[in-house]
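The values are calculated or read from the model by the stated rules, or taken from the named source; none is laboratory data. What you see is a predicted model, and the numbers here were worked out from it, not measured in a lab. Because the Cβ atoms are built from the backbone with ideal geometry, glycine has one as well, and the counts that use them run over all protein chains shown.
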Amino acid sequence: MSESEGTHPTPKPGGPKPGVPRPGAPRPGTEQGAARTGPTPATVPHHVSPHHPKPGPGTLHTVVVPVASDPSHFGRVDDDGSAWVKTADGERQVGSWQAGDAAEGLAHFGRRFDDIATEVTLLEARLSSGTGDAKKTKAAATAIAESLPTAAAIGDFDTLARRLRAIIEHSDEAAAHAKEEKDRQRQESTERKEALCAEAEKVSSESTQWKAAGDRLREILDEWKTIRGVDRKVDDALWKRYSKAREAFNRRRGAHFAELDRERASAKSRKEELVKRAEELSASTDWTGTSATFRDLLVEWKAAGRAPRDADDALWKKFKAAQDVFFAARNADASDRDAEFEQNAVAKEELLRKAAHIDPSTDIEAARAGLRELLEKWDAVGKVPREKMADLEGRLRTIEKRVRDAADSQWRRTDPEAVARAAQFRERVAAFEEQAAKATAAGKVRDAEKALAQAKQWREWAEAAEGAVTNR
């Protein structure tokens, strides 16, 4: 037996009489009852209607908490338990109440209406927020609308029917909007994955920053996993592109490091040879030649490239140790030589001091003998420090020049050939002057001028020769 046919238990003795409102319940016709004529929500929802369009993305949707309506404004329960609802089409009986008084029956059918109204409010909120499937919302609203004419409830069915029609009318619009939004999101997701594919392909084919490029490909994969909504076939095709790019990069990186390993192995072998040669040269005393060889070995070392890190460091220590042995020995030898050169410089200073008595102006032969003795001792002393060489050699050259200039001057004064040469020049002058006189007598002016010019030239030479003999 249905609830409307009196299946509720008989009210307890002492309970409220039929037609008497429950304690605390609003009385029909009162100000409080008149104010509650529908599903007044605690927070007004975004009802879907021509005046309340569907909010766009980002709209803050409030939670709807409907408040019970007052069924006394929309129906009644007769003393015999018959329940009636008022609509624009007139009254219709919605059931029979036999489980209590009329007020309880009215409240019961009012709650039944509130349940239906709550479902409608939820559908409005779902459609307004855009969180649900608009097609399912429409189907649910249609089903409720079709059930209203036979619903066993008392309430504002006319307003409820209008709200359901608004939901149904705007469901298609919401569905279209949802489809557009879904298509937009799909397009954005597709474009983003295409951009990630293009970047992965560029990194795969061009980058040689292996660590940074590998990290970037992993970042692309992490982002890829967060992107949803791409068409399955398109997504599969894009994934193949990304996978192919990543595999190509891994192959290229693997080939690079394989080649690097080969180069390092070759560098290790070459540096081992250089270490062996350096160790063989470390005991050499050919300071100049071996120093040049070590410089060449160092150039070869740098050109050989890097061996594996541990091996490279160990080989360099061996190479440098051999180099250090040689240069330490060379430096020690150079220190010994420097000390010897300092002593040589002191000895040459002493020779120069003693050579101060050489005076070619008084006794040229004694001066020449003293110079020869000085030069012999000078060469026997040996090398001096480089910074003192110029000064000492310059002072020696001064003494040497003074003696040799004096010797040359003496030789020129006693040279018989110079005297004879001056006499010959005078004879040539006389001969040309005689030719000029004869030419003048014969009237040969040009021949006379030529002969006089030649005589003048020979006279100058004769005077120079005679001056050289005189100045000795």
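Things to note:
- Of all the listed residues (Glu280, Glu272, Glu263, Glu342), the sole one being touching a Pro at 6+ places or on another chain (Cβ under 8 Å) and either surrounded by 15 or more Cβ atoms within 10 Å (Cβ to Cβ) or not polar (S, T, N, Q) (or both) is Glu342.
- Applying the set (1) exposed (fewer than 15 other Cβ atoms within 10 Å of the Cβ); (2) under 36 Å from the mean Cα position of the chain (by Cα); (3) touching a residue at least 24 places away in the same chain (Cβ under 8 Å) to Asp313 leaves exactly one unmet item: (3).
- Failed condition for Glu223, given (1) farther than 30 Å from Arg186 by Cα; (2) surrounded by 11 or more Cβ atoms within 10 Å (Cβ to Cβ): (1)
- Among (1) assigned to a helix (DSSP H, G or I); (2) touching a residue at least 24 places away in the same chain (Cβ under 8 Å); (3) farther than 30 Å from Glu181 by Cβ, the one test that Tyr242 misses: (3)
- Ala107 modelled with pLDDT of 90 or more, crowded, with 17+ Cβ neighbours inside 10 Å and in contact with a Lys or Arg (Cβ under 7 Å, 6 or more places away or on another chain): yes
- Every residue from the range 89-127 that is farther than 23 Å from Ala166 by Cα, in a helix (DSSP H, G or I) and of a type in the set (Asp, Glu): Glu104
- For Asp158, the criteria (1) within 30 Å of Lys138 (Cβ to Cβ); (2) crowded, with 18+ Cβ neighbours inside 10 Å hold in every case but one, which is (2).
- Among the residues making up the range 128-173, those that are in a helix (DSSP H, G or I) and among the small types (Gly, Ala, Ser) are Ser128, Ser129, Ala134, Ala139, Ala140, Ala141, Ala143, Ala145, Ser147, Ala161, Ala166, Ser171.
- Any hit, the range 128-135, residues being of a type in the set (Lys, Arg), within 30 Å of Lys182 (Cβ to Cβ), surrounded by fewer than 19 Cβ atoms within 10 Å (Cβ to Cβ) and modelled with pLDDT under 90: yes
The rows are residues; the columns are (1) in contact (Cβ under 8 Å) with a residue 40 or more places away in the chain; (2) among the charged types (D, E, K, R).
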| position | (1), (2) |
| --- | --- |
| Glu194 | yes, yes |
| Ala198 | no, no |
| Lys202 | no, yes |
| Ser207 | yes, no |
| Trp210 | yes, no |
| Gly214 | no, no |
| Glu219 | no, yes |
| Trp224 | no, no |
| Asp231 | yes, yes |
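- The range 226-243, subset touching a helix residue (DSSP H, G or I) at 6+ places or on another chain (Cβ under 8 Å) and among the basic types (Lys, Arg), residue surrounded by the fewest Cβ atoms within 10 Å (Cβ to Cβ): Arg228
- Subset tally (residues that are crowded, with 20+ Cβ neighbours inside 10 Å, under 13 Å from Ser147 (Cα atoms) and under 60 Å from the mean Cα position of the chain (by Cα)) for the range 111-127: 1
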